[in-house]
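The values are calculated or read from the model by the stated rules, or taken from the named source; none is laboratory data. Predicted model, so just to flag it, every value in this text is computed and none were measured. Here the Cβ is made from the backbone with ideal geometry for all residues, glycine too, and neighbour counts use every protein chain on show.
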Amino acid sequence: MAERVQKILARAGIASRRGGEELIRAGRVTVNGMIVAIGASADAAKDAIRVDGKRVVLPTRHRYLLLNKPRGYITSKSDPEGRPTVMDLVPPPWRKGLVPVGRLDFNTEGLLLLTSDGDFAQHVSHPRFGCRKSYAVKVKGVPDREAVERLRRGVLIDGRRTAPAKVKRLKQVGGKGSGRRGNNSWWSVEIGEGRTRQIREMFFRVGYPVQKLRRVTIGQVSDPRLPLGETRPLEQSEIDDLMGRPPSSRSKQRGRRGRA
């Protein structure tokens, strides 16, 4: 069956769909020896699809991993500046074909999914599928009611307003200063989109810079016992929840998909 080449690259774990489009634009992708353009389709079962001359092979079993990312790692398969990436934290036998699902900033820690299943990655990362993520956020100062309402309604970033967010105060920490910013505070923030540095930009634009940021849930998946820097395979029930599968279909899906 023919499908978009960038989707095939994502299913093969070569890159995300967006990353696949970048490879195509750079002229690095061929189908049956011909360089392809954005919008081209191919049949992975019949056509010879290559990236930089190397044949693209779809995996027979997919891997689904949960990583508790520490600060100081790039969410990427590689980094031209030589900085450590999240792939360095994955056991070598599990790395082949894996791509990170979405991004966490260099200085952000917390839960990150990695998979060889491009459809799964698209379902979890694209806002239209409704997979919400929640974060624990430490900010400088204690946002007042007006600032919190702005965060909840949406903040204008680069000319586009963020979608409504759930924002809840967790605790106040720090010194005993009497001024408006004399103390620091922790907040729980839940969002359904993943724009670049979104949480940091949201708080910055209401006047309260982020000091620490940690993703604590992806959809219904959380694991407070997973140590920083460690990975584990997702349970089948977690995969089903993230894909939004009804319980009646899960037993059938278990027979069709493998996991790490």
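Here are some notes:
- Pairs where the first residue, in region 47-76, is among the aromatic types (F, W, Y) and the second is in a strand (DSSP E or B) and crowded, with 16+ Cβ neighbours inside 10 Å, C-beta under 9 Å, 6+ apart: Y64/L113; Y64/L114; Y64/T115; Y73/T85; Y73/E109
- Hey, G20 touching a helix residue (DSSP H, G or I) at 6+ places or on another chain (Cβ under 7 Å) and either surrounded by 14 or more Cβ atoms within 10 Å (Cβ to Cβ) or modelled with pLDDT of 95 or more (or both) or not: yes
- Restricting region 83-103 to residues that are over 13 Å from L66 (Cα atoms) and not basic (K, R), the residue that is surrounded by the most Cβ atoms within 10 Å (Cβ to Cβ): G97
- Any hit, region 227-245, residues being at pLDDT below 90 and in the same structural domain as L113 (by TED's automatic domain parsing): yes
- Residue selected from region 1-16 under the condition crowded, with 19+ Cβ neighbours inside 10 Å and outside any loop (DSSP other than H, G, I, E, B), by the criterion nearest to the chain's Cα centre (by Cα): A10
- Condition met for R71 (part of a loop (DSSP other than H, G, I, E, B), out of contact with any helix residue (DSSP H, G or I) (no Cβ under 8 Å at 6 or more places or on another chain) and modelled with pLDDT of 90 or more): yes
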